[in-house]
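Okay, structure first, notes after.
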Amino acid sequence: MNDIHLKNVSKHFGSLKALNDITFTIPKSSVTVLLGPSGCGKTTMMRIIAGLEEPTSGQVFFDDLEATNVPTRRRNIGMVFQYPVIYKGTSVRRNLELPLLSEKLSKDEITKRVDEVAELLGITEHLKAQVDELDNGTRQKIAVGREVARQPRIILFDEPITNIDITAKLELKRSLKELFSRLKQTIIYVTHDQTEAMTLADQIALMKDGSIMQCDSPSEIYKNPKSEFAGWFLGNPGMNFVVDKFINVKGNDIGSALFSQSIPLGAKAAQVKTLGVRAEGISVSNSQTPGSVSARILSKSLGTGGQYLLNLAYGDLTVKARVPHYLGRQLENNVWTTVANENVMFFDDAGNAV
Ligand code: ATP
């Protein structure tokens, strides 16, 4: 179990800067998810932590010990990949035992570890089965079990759910969530899927173009994105943005078609170029309420969890609002909406929160 520190780590592939001067700590015994769009540098960062890639500059520390040039086999790391790494033509138990045979453990210890890990992953009933008989979600659980049973200090997961059949995905995600809550290892998990990150992470490191844009707990990064990018990337749908042509700044007050009254912002008002509001930050009613403004429903669709997603127009400004099922069913044509001041975020020209 180690804290992992990256200090000024950069990685260049020729002229391409895959990682730009990253300084960042991954706390021990917790789950850190590296999240971001394709090509942002997640896998490169993970490979550097694993010792599979050398940084162009910068250092990696496991606690206080520098690991930058320590070979992978001496880092005591487990790795789970997109496709399950298992031995076909053998039983599940044998698959879980094999990595332990080179660890000089007693037969009893091996059996104990295999039984424990099978129980943790809910695959005890399959121990005698041949791996070839199982679906690929269960095979991925076996691949996870093989790494967990070795008891490495750090376990890296590189998009382990991405290539699993849609039917097995949910069960595997649920199983990993349960597993992570019981493991003491430092877990680093790479994904481009924000729902997976929100479900599994203790902290999310949100990456873009080789940099970490924000590193926070899932709820913090969702509620207080430090950039428009974070507001857009986290959430389904992402945050609504109201760009400057729909904003009126008068002195220190900010107004838009979303509000009946402008919001006093103090001296920061001059910096604001964009407003951000989450879909659930817009309160919708079918009758006029104090301070509400009217909006037109352009479309409505049933979203996850039975809630309705409305596409609303305020003149030329369009935003998405989320409403409970019972209300969404009744709404048609025009609605009345309010947005509490605390549900509005403000961003500057560079897309950073102000
Ligand atoms: P994905 O989700 O698509 O795997 P990622 O966020 O993991 O993306 P990386 O695989 O780390 O991104 O790649 C970051 C950038 O570095 C990309 O532009 C990629 O093409 C480039 N890259 C990665 N490995 C190499 C390599 N060995 N040689 C050249 N370029 C590379």
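The values are calculated or read from the model by the stated rules, or taken from the named source; none is laboratory data. All of these numbers come straight from a predicted model, not from anything done at the bench. For neighbour counting, all protein chains shown are included, and Cβ atoms are generated from backbone atoms with ideal geometry for every residue, glycine included. Side chains included, ligands, DNA and RNA excluded: accessible areas come from the protein's heavy atoms. Shrake-Rupley method; radii C 1.70, N 1.55, O 1.52, S 1.80 Å.
Observations
- The set of residues in segment 157-182 being open to solvent by 20 Å² or more (accessible area, probe 1.4 Å), more than 16 Å from the ligand (Cβ to nearest atom) and either touching an Asp or Glu at 6+ places or on another chain (Cβ under 6 Å) or of a type in the set (S, T, N, Q) (or both) consists of T167, S181.
- Residue that is at pLDDT 95 or above, away from the ligand (no atom under 16 Å from the Cβ) and closer than 26 Å to L172 by Cβ, where the choices are N95, N76: N95
- Taken over segment 44-69, the residue count meeting the criterion of being open to solvent by 60 Å² or more (accessible area, probe 1.4 Å), within 16 Å of the ligand (Cβ to nearest atom) and either under 23 Å from the mean Cα position of the chain (by Cα) or polar (S, T, N, Q) (or both) is 2.
- Only one of the numbered conditions (1) more than 26 Å from D3 (Cβ to Cβ); (2) surrounded by fewer than 19 Cβ atoms within 10 Å (Cβ to Cβ); (3) within 31 Å of the chain's Cα centre (by Cα) is violated by K112, and that is (3).
- Residue in segment 117-136 that is free of Cβ contacts under 8 Å to residues at least 40 places away in the same chain and in contact with a Lys or Arg (Cβ under 6 Å, 6 or more places away or on another chain) present: yes
- Residues that are surrounded by fewer than 17 Cβ atoms within 10 Å (Cβ to Cβ) and more than 27 Å from I221 (Cα to Cα) within segment 261-292 comprise Q261, S285, N286, S287, Q288, T289, P290, G291, listed in sequence order.
- Hits in segment 115-154 (condition: surrounded by fewer than 20 Cβ atoms within 10 Å (Cβ to Cβ) and part of a loop (DSSP other than H, G, I, E, B)): G122, L127, K128, A129, L134, D135, R150, Q151, P152, R153
- Every residue from segment 208-251 that is aliphatic (A, V, I, L, M), buried (at least 19 other Cβ atoms within 10 Å of the Cβ) and under 15 Å from M345 (Cα atoms): I221, A230, L234, M239, V242, I247
- Count - residues of segment 191-202 that are more than 12 Å from the ligand (Cβ to nearest atom) and surrounded by fewer than 18 Cβ atoms within 10 Å (Cβ to Cβ): 3
- Answer residue from segment 11-37, given it is within 8 Å of the ligand (Cβ to nearest atom) and not in a strand (DSSP E or B) and is least open to solvent (accessible area, probe 1.4 Å) among those: G36
- The test for being aliphatic (A, V, I, L, M) and more than 21 Å from T90 (Cβ to Cβ) holds for L179.
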